[in-house]
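Q: This structure is in structure tokens; I'll ask about it shortly.
Laboratory data are not the source of any read-out in this text; all were calculated from the coordinates shown. Keep in mind it's a predicted model, so treat the numbers as computed, not measured. Please note: Cβ atoms are built from the backbone with ideal geometry, for glycine as well, and neighbour counts cover all protein chains shown.
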Amino acid sequence: MSSIIKRLPVLLLAALAAVAAAASILGPDVVARVTRSFWFLVPGGAAVLAALAFSIYEVGWQHRPVAGLLAHLGLALGLAGAALSARSVSGYIFLENQGEARSAFLRAGLDQVDVLPEPLALDSISVRNRRGFRPTFVCWVRGGGTSAPVAFNQPGRFGGLRLLFNRDVEPGFLLEYELAVGADEYVLLHNQRVRLDDGREMWSFGYDPDEHRVGFMLGGREFWLPEGATAGDGRHQLTLRRAWFALNNGAVFQVSDTRARPFLFSGFGLCLVGIALVLVRRRNG
């Protein structure tokens, strides 16, 4: 019976891994929702802690080899890092060339705005030409007391943040806008999605800085509104109060929080060391 109880945490972890593998068939968004859910993280954490407790008991009271403890300790640390990485923020931020530092960014799901720990500013953007290669954009970004180049294949690191160049943007990029939907008031970033009270989503998909117009998508219909104009589909009335556009060119960057990655890599590395020690002991025994 005791051996069955000891195997329960491993069986639970195997079941959770099977759930994650099955969710991967439906796409990365489904995997993210499943692995970040309360019903996935709590049983996984409980299973790891139980396995770790069994290993400590065997080493401390039954004087078993420490290799199994290292494996379970590494697994616990690695899964903790994976859980923190799954909960960490990632998304997109626009920086205007020689503009003000910005900290607000749009999360990867395009439905929430978050704030970076340190604001970032774009000092310059240029094109690098190399023989035999396509021209690439190189951006010098400043943040957290450091300045570093950022390109397609050259991420910049600012504290625990990782920044990667996504695309360049011409002057007139839509920074944010103030919108009224019926009695509700919103201040939104470009492309940010809002779910209305009838379940439909609304977002901005285009902009015209010369005419100060913004293009909206609502219920499968497009609306182009200049500042102060109102339009709707019978169920909702949209009124564009004001829109702000970038004066200079700039770039859109992918931003991600990498502060939990050392726990992830060191944990699973320690787990592999423990497993290797167990295999070597069994072979020599």
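Q: For segment 87-179, which trypsin sites (Lys or Arg not before Pro) are both in a DSSP coil and crowded by at most 10 other Cβ atoms within 10 Å? Let's see the in-between values first.
A: Numbers: sites: Arg87, Arg102, Arg107, Arg128, Arg130, Arg131, Arg142, Arg157, Arg162, Arg167; in loops: Arg130, Arg131.
Listed in order of number, the matching sites are Arg130, Arg131.
Q: Follow-up. Treat each spin label as a single point 7 Å out from the Cα along the C-beta direction, and report the Arg242 to Ser37 distance in nm.
A: Distance between label points: 4.3 nm.
Q: Now for a different question. Taking 7 Å along the Cα-to-C-beta vector as the label spot, tell me the Glu170-Leu272 distance in nanometres, rounded to one decimal.
A: Label at Glu170, label at Leu272, 4.8 nm between them.
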